[in-house]
Amino acid sequence: MRSQIKLGRIGGIEIGLHYSWFVIALLIAFSLAAHFQAVNHAWSTALVWTAALITSVLFFVTLLLHELAHSFVARSRGLTVRAITLFALGGVSQIESEARDAKTEFWIAIVGPLTSFVIGLVCIAIAYALGWTPGKEPRAPVAAVLIWLGYINIGLAAFNMIPGYPLDGGRVLRAVAWWITHSMERATRIAATNGQVVAFLFILYGIYRFFVGANFGGLWIAFIGWFLLDAARSSYVQVGLAAGLRGHRVAELMERDCASVPAYLSVRDFVDEYLLHSSHRCFVVMQDRDAVGIVTANDVKQVSRDRWTQTSLQSIMRPLEHMPAVPPEMPAAEALDLMSRQHVSEVAVISGGKFEGIFSRNQIARFLQVYSGFDQSHDQAA
């Protein structure tokens, strides 16, 4: 989940928004505006919408605090946090590596819901101090904003503690299972399987709610279930990938015999003379006997056919200096993790400053199929 809107940095952590976050922000604003209008007839339209929008913005702030709590605890445990992205179903802290032990996993997971719960209680306590009476609708705008902000955060804490991986509750479940079994892989399988069960229940309940008249609300619950199901399945597959790659290094899986092509070659000539008559999946672009870039069939697809003759490989290649690079002795699982973080399908293998070959997802899939019986479609799901 990558952000499209960069908001800046807090403590060195990049903060961003995914476009889908506006869905939940508008949903909260419209829902609260309708509620405030229904229970506070004396409020003007401007006041209704001001209160609703302020609540939405403050919810964004509290959601960010929830994710910052995860991130700061992770950093205190020696893990690197690259970014926080807020999206339609909440937020995600992009932590570069897994927790090293069950205790670390537990505290990273639990601190987010605890933060939201405390924020919710504080908001309600302040509203009470301002004169709000429990069980009654607040009449003062400030109290109304605080009460609903409190309700939303307590609801967020409760939702995140559902034991469905990768929700925080699912990660707490994984930490407990890890502590009991002493195996992170086995604990992840347990938590991911439970997450799939929870996701199916969400989907079924959402469909039921839709047919009994909940309309959009039911579909939203089903959508949450679908998202959780996809995430839980991906986590389960990732464990299988890590297990299949254990003990293997990049050098064992990398493609060493990449064919060489000159940089000045046109895309048309490259396709006709090399791509169509070769079993190679990647080609090294050479300039003055030096490897300068990589070109694949996917790169060719980005160029319209009517421009193939006028376009050189040098203009469409991916320069090696801009590609993520790994040494041949790196564990294959670590290289796969790097590709996932960098959102790339292949990395250059460099040894002693010299280009040695390519390590790609396709090679991992072929290796697991041949040696581990692992289905290639699983890799695509990952």
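The values are calculated or read from the model by the stated rules, or taken from the named source; none is laboratory data. From a predicted model like this one, the values you see are computed outputs, not experimental measurements. Counting neighbours? That spans all protein chains shown, and the Cβs are built from the backbone with ideal geometry, glycine included. Just the protein is used for accessible areas: all its heavy atoms, side chains included, with ligands, DNA and RNA removed. Shrake-Rupley method; radii C 1.70, N 1.55, O 1.52, S 1.80 Å.
A few remarks follow.
- Restricted to the range 275-318, and to residues there that are surrounded by 13 or more Cβ atoms within 10 Å (Cβ to Cβ) and among the polar types (S, T, N, Q), the residue that is farthest from Val261 (Cα to Cα) is Thr311.
- Enumeration of residues in the range 32-74 that are over 23 Å from Ser116 (Cα atoms), among the β-branched types (Val, Ile, Thr) and out of contact with any helix residue (DSSP H, G or I) (no Cβ under 6 Å at 6 or more places or on another chain): Val39, Thr45, Thr50
- Filtering the range 136-191 to residues that are of a type outside the set (A, V, I, L, M, F, W, C) and over 28 Å from Ala232 (Cβ atoms) leaves Lys136, Glu137, Pro138, Arg139, Pro141, Gly150.
- Subset tally (residues that are farther than 17 Å from Val111 by Cβ, surrounded by 15 or more Cβ atoms within 10 Å (Cβ to Cβ) and aliphatic (A, V, I, L, M)) for the range 175-187: 3
Okay, residues lined up against (1) modelled with pLDDT under 90; (2) under 23 Å from Val176 (Cα atoms); (3) not in a helix (DSSP H, G or I):
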position	(1), (2), (3)
Leu79	yes, yes, yes
Lys103	no, yes, no
Phe106	no, yes, no
Ala109	no, yes, no
Gly120	no, no, no
Pro134	yes, no, yes
Ala144	no, no, no
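- Taking first residues from the range 304-321 that are within 10 Å of Val267 (Cβ to Cβ) and partners that are among the aromatic types (Phe, Trp, Tyr) and in a helix (DSSP H, G or I), the Cβ contacts under 8 Å between residues at least 6 apart in sequence or on separate chains come to Leu313/Phe270.
- Number of the condition not met by Leu241 [criteria: (1) buried (at least 19 other Cβ atoms within 10 Å of the Cβ); (2) not in a helix (DSSP H, G or I)]: (2)
Yes/no matrix, rows are residues, columns are (1) surrounded by fewer than 16 Cβ atoms within 10 Å (Cβ to Cβ); (2) in a helix (DSSP H, G or I); (3) in contact (Cβ under 8 Å) with a residue 40 or more places away in the chain:
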site	(1), (2), (3)
Leu173	no, yes, no
Arg189	no, yes, yes
Gly195	no, yes, yes
Val198	no, yes, no
Leu204	yes, yes, no
Tyr208	yes, yes, no
Ala222	no, yes, no
Gly225	no, yes, no
Leu228	no, yes, yes
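- Enumeration of residues in the range 1-38 that are in contact with a Lys or Arg (Cβ under 9 Å, 6 or more places away or on another chain) and more than 18 Å from Arg341 (Cβ to Cβ): Gly11, Leu17
- Summed over the range 353-382, residues that are in a loop (DSSP other than H, G, I, E, B) and either at pLDDT 80 or above or under 24 Å from Arg82 (Cα atoms) (or both) total 1.
- Leading residue by the ranking (nearest to Gly225 (Cα to Cα)) among those in the range 80-102 that are open to solvent by 20 Å² or more (accessible area, probe 1.4 Å) and aliphatic (A, V, I, L, M): Leu89
- Filtered by the rule that a residue be in a helix (DSSP H, G or I), farther than 23 Å from Leu156 by Cα and touching a residue at least 40 places away in the same chain (Cβ under 8 Å), the range 28-53 gives Val39, Leu47.
- When the residues of the range 328-361 are filtered to those that are open to solvent by 30 Å² or more (accessible area, probe 1.4 Å) and polar (S, T, N, Q), the one that is nearest to Ala242 (Cα to Cα) is Ser340.
- For Ala325: the one exception among (1) under 27 Å from the mean Cα position of the chain (by Cα); (2) open to solvent by less than 40 Å² (accessible area, probe 1.4 Å); (3) among the small types (Gly, Ala, Ser): (2)
- Listed by first and then second residue, the pairs with beta-carbon distance under 6 Å, at least 6 apart or on different chains, first residue in the range 323-348 and among the polar types (S, T, N, Q), second modelled with pLDDT of 85 or more and in a strand (DSSP E or B), form an empty list.
- Per-region count, the range 75-97, residues under 20 Å from Val118 (Cβ atoms) and among the small types (Gly, Ala, Ser): 4
- Qualifying residues in the range 20-50 (those that are aromatic (Phe, Trp, Tyr) and under 16 Å from Leu63 (Cβ atoms)) - the one surrounded by the fewest Cβ atoms within 10 Å (Cβ to Cβ): Phe22
- Looking at Val292, Val344, just one residue is β-branched (Val, Ile, Thr) and under 27 Å from Ile84 (Cα atoms), and that residue is Val344.
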